[in-house]
Structure formats: C-alpha cells, structure tokens
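The values are calculated or read from the model by the stated rules, or taken from the named source; none is laboratory data. Keep in mind that this is a model prediction, so the values were computed, not measured. Here Cβ is always computed from backbone atoms with ideal geometry, including for glycine, and neighbour counts include all displayed protein chains. All accessible areas refer to the heavy atoms of the entire protein, side chains included, with ligands and DNA or RNA removed. Shrake-Rupley method; radii C 1.70, N 1.55, O 1.52, S 1.80 Å.
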Amino acid sequence: MTAPYRVALSGDFRKADASPVFPDFDLEPLRSAPSVEFTYLEPLNPVRAEQLEHFDALILLAHRFTQESIHPNGRLTVVARFGVGYDTVDVEACTRAGIAVVITPDGVRRPVAVSIVTLMLALTSKLMVKDRLTREGPAGFARKGEHMGIGLVGRTLGSIGIGNIGAELFRLLQPFGMKLIAHDPYADRELAAELGVELVGLEEVCRRADIVNVSCPLSPETHHLVNAERLALMKPTAYLINTARGPIVDQKALTKVLTARRIAGAGLDVLEQEPPDPADPILKLDNVILAPHALCWTDQCFAGNGAADVRAVLDVQHGREPRLVVNKSVLATDRWQKRMAAFRSRFGT
Ligand SMILES: NC(=O)c1ccc[n+]([C@@H]2O[C@H](COP(=O)([O-])OP(=O)(O)OC[C@H]3O[C@@H](n4cnc5c(N)ncnc54)[C@H](O)[C@@H]3O)[C@@H](O)[C@H]2O)c1
C-alpha cells in the first residue's frame with residue numbers, strides 16, 4: 001500500500017481549547033483527498049524540525065519557519081504560508097533544502113484592498129471622531145461642525161507598491177474620480193497604464209498624495225522607507241495608511257508628526273511592535289485609526305487563503321508545480337524534479 005501524503009498545519013491554527021482559529025478555513029478538501037493525512041502540530045514557535053520528520057507539506061500560519069525547522073531527512077517539500085507575507089520564513093534555507101515556499105495572494109488581494117479603502121473612508125470622513133461626538137449627546141452634536149471631512153473627487157491617492165494588493169486598490173478606486181499615482185521600482189508598467197496610474201518617484205508620492213498608502217513588502221530595502229524626511233514632504237492635510245508591515249514606516253517619526261499635527265492623520269493595521277507596548281504614545285493619539293493586524297480578517301479572506309494553500313499542497317502531492325511559488329529557482333533543481341516525479345508515480349497526476 002502507498003504510504004499517505006502527510007500534511008501538517010502549524011499549531012497556531014488551533015486555540016488553546018483545540019478549536020480552529022479560523023472556522024472558515026475549510027479542511028474538507030484535505031479530509032476527502034485520497035491518500036492524504038493531516039494533523040495539527042504542537043504550537044511551537046519557530047516550528048521545530050523534529051515535529052516535521054514525518055510530513056511532506058506544511059501549511060503555516062504565523063509561526064516562524066527557520067533553518068532549524070528543516071529536518072535533514074529531506075521529506076518536507078512545500079511550505080504553504082497562509083497569507084502573502086513571508087518574512088517569517090527563511091526562504092533561502094528552504095531553497096537550499098529543496099522546499100518550495102508558496103503564498104496566497106488570491107486570498108488576500110480583495111480583503112486587504114478593502115481594508116485600505118475602509119481606512120481611507122474612515123479617515124477622510126472623520127468617522128471615529130463623529131462616532132465619539134454622537135455618544136456625547138447634545139454637547140457632541142453641537143461640535144459637529146468642527147470636524148469637516150475631505151471629499152475624494154480629484155484628490156490624489158499615492159501608493160508605495162502597485163503589486164497584488166496595490167493594483168486591486170486602484171481597481172476598487174476607479175469610480176471615485178481620484179488621481180492615482182504610485183511608486184514601485186518593479187511595477188508592471190502596462191498594468192499601471194491600464195489602471196490609469198501614473199508611476200512616479202517615492203518623494204513625489206509623498207509630496208503630491210492626499211492619501212499615501214503603503215503596500216510593499218518588508219525587506220532590508222523597505223525598512224523605514226517612510227522615514228522622517230519623507231513624512232516631512234507630506235501635505236499637512238494628507239493621511240498615511242499602512243496595512244503592509246509596521247517597520248516599513250519609522251513609527252517614532254510618524255508619532256512625532258501626528259503629535260505635532262504636521263499631517264492630518266494615519267490609518268495603521270500594522271505597527272513596528274505587535275502587540276504594541278501599552279505605553280506606546282501612538283495609542284493615545286486621536287488622529288490615528290489603529291487595527292491589530294486584522295482589518296482584512298473576514299470569512300472570505302480565510303476561506304480564500306485556506307483554499308489556495310490546500311490547492312498548493314495537493315498540487316505537490318500529484319507532482320504538479322504549485323502556483324505562486326516565492327522561491328521559483330527551486331523548481332528547476334534536479335532534486336525538486338525527482339521529487340515531483342516520485343509523487344506522480346505514487347499518487348498519479
Ligand atoms: N495587513 C495584513 O493583514 C496583510 C495581509 C496581506 C499582505 N500584507 C502585506 O502587504 C504587502 C503587499 O502585498 P502584495 O500581495 O501586494 O505583495 P506583492 O508582492 O504582490 O506587491 C508588492 C509590490 O511592492 C513592490 N515593491 C517592492 N519594493 C518596493 C519599494 N522599495 N518601493 C515601492 N514598491 C516596492 C513590488 O514591486 C510589488 O509590486 C505584503 O508584503 C504583506 O507584507 C498585509
């Protein structure tokens with residue numbers, strides 16, 4: 001009998017009482033797939049090599065996957081991240097070990113773009129302060145004229161990054177009648193033109209945009225990309241939105257400009273330290289809207305991520321190249337090709 005294809009889910013997919021963290025992650029396609037077994041790992045972070053000795057595939061939530069997570073038996077073939085950020089994964093170590101790292105841009109594209117629009121609309125319509133005023137009764141109502149919102153027609157949205165999420169944001173904004181600009185050194189120029197987005201330099205985005213959106217990955221190149229100098233270029237009426245990764249923005253510098261009301265405000269789904277220190281001064285500011293790295297968390301987001309990961313691990317089981325591999329160079333190696341051929345002969349294509 002053929003040994004089953006074994007899939008591990010990182011331990012953080014379950015709560016302490018063993019119930020699923022994301023009930024919308026449908027595991028039925030794994031349960032019903034022929035010759036597949038799956039199980040949750042103990043919640044160790046980073047994932048340890050000995051936990052993975054008997055597994056072919058790992059579906060990974062937020063736990064880290066490092067060199068120490070790789071068992072020397074060479075059995076693990078794919079790490080499927082539940083989401084698109086992979087700064088928690090040592091991709092180079094995976095490549096050396098012949099492991100493909102897969103992400104789920106299809107699952108997060110719409111939910112994160114919608115969360116950027118949510119922050120943009122909440123900031124420019126002063127939703128948070130108006131909510132507070134209403135709860136104050138007559139005294140609050142009397143002050144409603146002090147908090148005029150900003151209309152968006154003809155205003156400029158500038159995105160740092162026009163990839164999966166940035167492009168979707170521009171798609172969603174088409175009916176808003178805004179001017180659209182972006183900075184992205186690796187932009188797909190044809191796509192930008194199709195979406196009516198003018199590609200400009202980073203400083204120009206900061207200078208011209210009424211809303212500066214951050215949608216690029218965190219890397220050594222983008223760490224503190226939005227720093228004091230670039231914040232200083234922003235209009236006093238402009239807002240900053242970051243749903244990408246906290247350290248892309250120098251949060252101390254941002255706190256300074258927000259405290260001094262040098263810019264109008266910010267919407268942040270991500271912070272440099274998560275969760276933040278309760279004494280972090282940014283938590284006290286009334287011109288910032290905060291979310292706990294979860295604004296895009298919806299039933300549809302998790303269903304989409306889960307479906308994409310399950311598809312990827314089942315593709316590998318049948319020796320098919322999964323879509324959306326981060327470390328594409330691994331796919332050309334002899335080692336990978338041999339493993340795919342072995343899977344095809346064990347489980348069929
Ligand atoms: N808040 C959340 O829950 C959440 C969910 C999903 C993704 N994210 C974050 O959003 C980021 C963007 O996701 P995506 O799916 O659009 O990724 P993507 O890789 O498709 O797009 C990122 C874009 O940024 C561009 N880029 C790279 N370096 C840049 C630089 N120096 N300046 C400007 N642009 C640069 C790339 O060329 C690419 O076009 C992810 O890296 C992730 O960190 C956050």
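Out of the residues in region 294-326 meeting the condition of being outside any helix (DSSP H, G or I) and in contact with a Leu (Cβ under 8 Å, 6 or more places away or on another chain), tell me which one is nearest to the ligand (Cβ to nearest atom). Before the answer, list the steps.
The initial filter retains those residues of region 294-326 that are outside any helix (DSSP H, G or I), namely 294-298, 318-326.
Then keep just the ones that are in contact with a Leu (Cβ under 8 Å, 6 or more places away or on another chain); that gives 295, 321, 325.
On the way: L295: 7, E321: 19, V325: 13 Å.
Step by step, filter region 294-326, then rank; the result is L295.
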#### Entry: Candidate set from region 109-124 (those that are surrounded by fewer than 24 Cβ atoms within 10 Å (Cβ to Cβ) and free of Cβ contacts under 8 Å to residues at least 60 places away in the same chain); member that is nearest to T66 (Cα to Cα)
R109
### Task
Return yes when G177 is in contact (Cβ under 8 Å) with a residue 12 or more places away in the chain and either on the phi < 0 side of the Ramachandran plot or open to solvent by 50 Å² or more (accessible area, probe 1.4 Å) (or both) and no when it is not.
no
### Query
Does region 229-240 include one or more residues that are free of Cβ contacts under 8 Å to residues at least 12 places away in the same chain and over 27 Å from L9 (Cβ atoms)?
yes
### Message
Need a quick list: strands (runs of 3 or more DSSP E) entirely within region 11-108 having at least 2 residues that are of a type in the set (G, A, S) and either farther than 25 Å from A303 by Cβ or open to solvent by less than 20 Å² (accessible area, probe 1.4 Å) (or both).
### Response
none
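Inspect region 149-170 for any residue being among the charged types (D, E, K, R), crowded, with 16+ Cβ neighbours inside 10 Å and in contact (Cβ under 8 Å) with a residue 12 or more places away in the chain and give the result as yes or no. Quick ask: steps written out before the conclusion?
If we filter region 149-170 for residues that are among the charged types (D, E, K, R), which is where we start, we get 155, 168.
Subset that is crowded, with 16+ Cβ neighbours inside 10 Å: 155, 168.
Then keep just the ones that are in contact (Cβ under 8 Å) with a residue 12 or more places away in the chain; that gives 155, 168.
Within region 149-170 (the criterion being among the charged types (D, E, K, R), crowded, with 16+ Cβ neighbours inside 10 Å and in contact (Cβ under 8 Å) with a residue 12 or more places away in the chain), the answer is yes, since at least one residue qualifies.
Going by the conditions given, is L58 over 29 Å from L290 (Cβ atoms) and within 23 Å of the chain's Cα centre (by Cα)?
Numbers: over 29 Å from L290 (Cβ atoms): yes; within 23 Å of the chain's Cα centre (by Cα): yes.
Judged against the criteria, L58 is a match.
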